[in-house]
Amino acid sequence: MEKDINRAIQCFKMVGGEKSIYRPNLPGAYLLASRIALFQEKYDQTILYCDSVFKVSSHALYKLKEKDDNYFFSLANKEILFSYGTTTLESYMREDFRYAGELVVSDDLLKQYSADDLRVTNFFKHTKGSQRRPVAKEYNIYTPIKWSRNSATVYSNAFRISEAYLNRAEAFAELGNTNKALADLNELRENRMKPGTPPLAVDEDGIVATVRKERRRELAFEGFRWFDLRRYGCPPLKHTYSSKENEGAGDVFELKEKGSYVLPIPKSERERNTEIEIFDRPNSEPVNN
């Protein structure tokens, strides 16, 4: 992987220029290289690759507004370095939560945002109302709206220059350079918070945790969280599985073994390749409340 990305960087250097955000490019290659280095805990390399992103790119951070007519992922957002493809994730990211399996924002994630954080209204749609079926109840939910399938301007996945700030901030934090880590975070937050919001300070859990919390706020529903949790040491997770028949009172599953953080090989792949090695993944059985 490292060999491939370094080769790609050299090729982009020879070609020169950025054709469009719909084609792989040099800034995007540097950003991917910084992500690979960060995940490998090669923090000095991470910083160098992020520096290169800023050096070769003219893209600036997108300044959020309290009322913005554009989705966050749109051509108006000039911080997008590379817009590409679709995955299964955005299939469940609709504004209308009533479809089975649709994603809603957890209370735990919402608590990470302060009242002066413009990402709440730009990243999520707030819906209040009541329903009669399958269970009569009032609802008050947030659903992700960073991207819309009705928009023909950009794809649902993107390499963004904001990730370079987060990657470099985490590398600085891990190396003990608190001031530089905070500088990167506050540069990002200058474009995410309401005017007059005080700069971010190190919270009680330390600078590394401060960076990781900001990363979670910024990259929500962009496919980073699972991989971040894995490299944070695979912390235990608990979720309640509900269906239309037992809404709000379903089985509780707990992810607490590191082996459970390895996703199973899809059945379709195992059927195509009967020689593939199957790893011993822990069984996932419901736990008592």
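So here's what we get for this one:
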item	result
Residue match in the range 128-138 (condition: at pLDDT 80 or above and over 17 Å from the mean Cα position of the chain (by Cα))	yes
Single match in Thr127, Thr153 (criterion: assigned to a loop (DSSP other than H, G, I, E, B) and over 16 Å from Lys213 (Cα atoms))	Thr153
Test: residue in the range 231-238 that is of a type outside the set (Asp, Glu), over 27 Å from Val252 (Cβ atoms) and touching a residue at least 40 places away in the same chain (Cβ under 8 Å)	no
Residues within the range 9-38 that are closer than 21 Å to Gly85 by Cα and either in a loop (DSSP other than H, G, I, E, B) or touching a Lys or Arg at 6+ places or on another chain (Cβ under 6 Å) (or both), tallied	8
Index of the failed condition, Asn179 passing every other in (1) within 30 Å of Trp147 (Cβ to Cβ); (2) open to solvent by 50 Å² or more (accessible area, probe 1.4 Å); (3) part of a helix (DSSP H, G or I)	(1)
Residue, most open to solvent (accessible area, probe 1.4 Å), within the range 204-241, restricted to residues that are of a type in the set (Phe, Trp, Tyr) and either part of a helix (DSSP H, G or I) or under 28 Å from Phe73 (Cβ atoms) (or both)	Phe227
The range 51-66, residues that are touching a helix residue (DSSP H, G or I) at 6+ places or on another chain (Cβ under 9 Å) and within 17 Å of Glu218 (Cα to Cα)	Ala60, Leu61, Tyr62, Leu64, Lys65, Glu66
Residues that are surrounded by fewer than 13 Cβ atoms within 10 Å (Cβ to Cβ) and of a type in the set (Asp, Glu), drawn from the range 1-23	Glu2, Asp4
Top-ranked residue in the range 105-124 [being surrounded by 16 or more Cβ atoms within 10 Å (Cβ to Cβ) and assigned to a loop (DSSP other than H, G, I, E, B); ranked as modelled with the lowest pLDDT]	Val105
Whichever residue in the range 68-81 is touching a Ser or Thr at 6+ places or on another chain (Cβ under 8 Å) and in a loop (DSSP other than H, G, I, E, B) and, among such residues, is farthest from Pro24 (Cα to Cα)	Tyr71
Subset of the range 24-49 (residues that are out of contact with any Phe, Trp or Tyr (no Cβ under 8 Å at 6 or more places or on another chain) and either open to solvent by 80 Å² or more (accessible area, probe 1.4 Å) or over 26 Å from Glu174 (Cβ atoms) (or both))	Gln40, Glu41, Asp44, Leu48
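The values are calculated or read from the model by the stated rules, or taken from the named source; none is laboratory data. Fair warning: this is a prediction, and the values are worked out from it, not measured in the lab. Glycine gets a Cβ as well: all are built from the backbone with ideal geometry, and neighbour counts include every protein chain shown. Surface accessibility is based on the protein's heavy atoms, side chains included, excluding ligands, DNA and RNA. Shrake-Rupley method; radii C 1.70, N 1.55, O 1.52, S 1.80 Å.
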